Amino acid sequence: MYNIFAFADPEEGRNIETTNYFKLMTMGKDQFNDKKILTSTANRVNKEIKACHAQYRQLGYSQPVGSQTQTLLSSFPKGSFFVGFAMTLSSVWHSKDDDPFYPIENPVRKNLVFKIPEMSAKTWKGYFRSAGMGMGNGADPDRINQLFGQESADAENSVQGKVFFYPTVFNAIDYYNLNPHDRSIRKGKDPVTLEVAPRGAKGYFTLFYRADYSNTPLQKKKDMKMICHCLGHVFQESGFSAKRGIGFGRAVINRSRKNENKLQLHSEKKGVFESCITGFDMIYPMLEKGFCNEPE
């Protein structure tokens, strides 16, 4: 059967199958334009995705910022910080997968093993870098290269950068029809079906900034300001999805999971400073507060 991956449940000694797309293989092209059939298929798929997502979190691949990261942070240079929060999509998200054997032409990118929608760390870094370069006269190419790495065709000469991202997985799949119109007849002829993470799907975002020992507190503040600008821009304005020009890929902080929405900063005088996040606009003031008593 197509796209079946199984992994062992150590507690119950049995195999749990990840998402099964066999039903999609048997559907004809016309059926992908039938809203009822697509909704029914998505409901079946999401039952299995929900179980796979729970296993993904249970195995520690989606670790929220908490006590473990706090211990880890204390071993990094002062000024380093973690930002992590549960998020809810306010519009659909799509990133095309490269699976050549799939029932539809536009599958959403998935985790290789668990087959749940996933946005890679590399893609996050690309969107943040683009947001930084889009600041116009305020863009500082050297600082952007220091934060997000230097683009280079030669992998040996590339620079890593100070900001690290973690993959984000989403807990639902849906199917979205686009119907491009012919300008001459003013109607669509060939609808395009996209597999997407729907509005309301939940995920977890994690960012880590590793400060350099040689940086002054003022340099660290400038880095923080740049990162927070990119964070707000990507989530609220530009989006982080294919088709973002038509509103795809927006998200908000999920305030119902406050215990997972945290900022942790390794401050100069206060040790590891931790605070709860409820909005994007409060992240930079929190980071600045951790440095308020430090000399520049």
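A few comments on the model shown:
- Pairs with Cβ under 9 Å, 6+ apart, first in the range 267-290 and within 16 Å of Asn254 (Cβ to Cβ), second among the charged types (D, E, K, R) and buried (at least 19 other Cβ atoms within 10 Å of the Cβ): Cys276/Lys262; Ile277/Lys262
- Residue in the range 144-156 that is in contact with a Gly (Cβ under 9 Å, 6 or more places away or on another chain), buried (at least 18 other Cβ atoms within 10 Å of the Cβ), among the β-branched types (Val, Ile, Thr) and more than 30 Å from Glu48 (Cα to Cα) present: yes
- Matching residues, the range 65-89, being surrounded by 15 or more Cβ atoms within 10 Å (Cβ to Cβ) and either closer than 14 Å to Tyr175 by Cα or of a type in the set (Gly, Ala, Ser) (or both): Gly66, Gly79, Ser80, Gly84, Ala86
- Tally, over the range 54-93, of residues that are outside any helix (DSSP H, G or I) and of a type in the set (D, E, K, R): 1
- Candidates Pro107, Pro100, Pro117, Pro141: the one that is loosely packed, with under 15 Cβ neighbours inside 10 Å and within 17 Å of Glu195 (Cα to Cα) is Pro100.
- Residue check, Lys222 touching a residue at least 40 places away in the same chain (Cβ under 8 Å), crowded, with 18+ Cβ neighbours inside 10 Å and more than 22 Å from Arg109 (Cβ to Cβ): no
- Residue check, Ala211 in a loop (DSSP other than H, G, I, E, B), within 26 Å of Arg143 (Cβ to Cβ) and modelled with pLDDT of 85 or more: yes
The values are calculated or read from the model by the stated rules, or taken from the named source; none is laboratory data. Quantities reported herein were computed from a predicted structural model and do not represent experimental measurements. Heads up, the Cβs are rebuilt from the backbone with ideal geometry, glycines too, and the neighbour counts pull from every protein chain shown.
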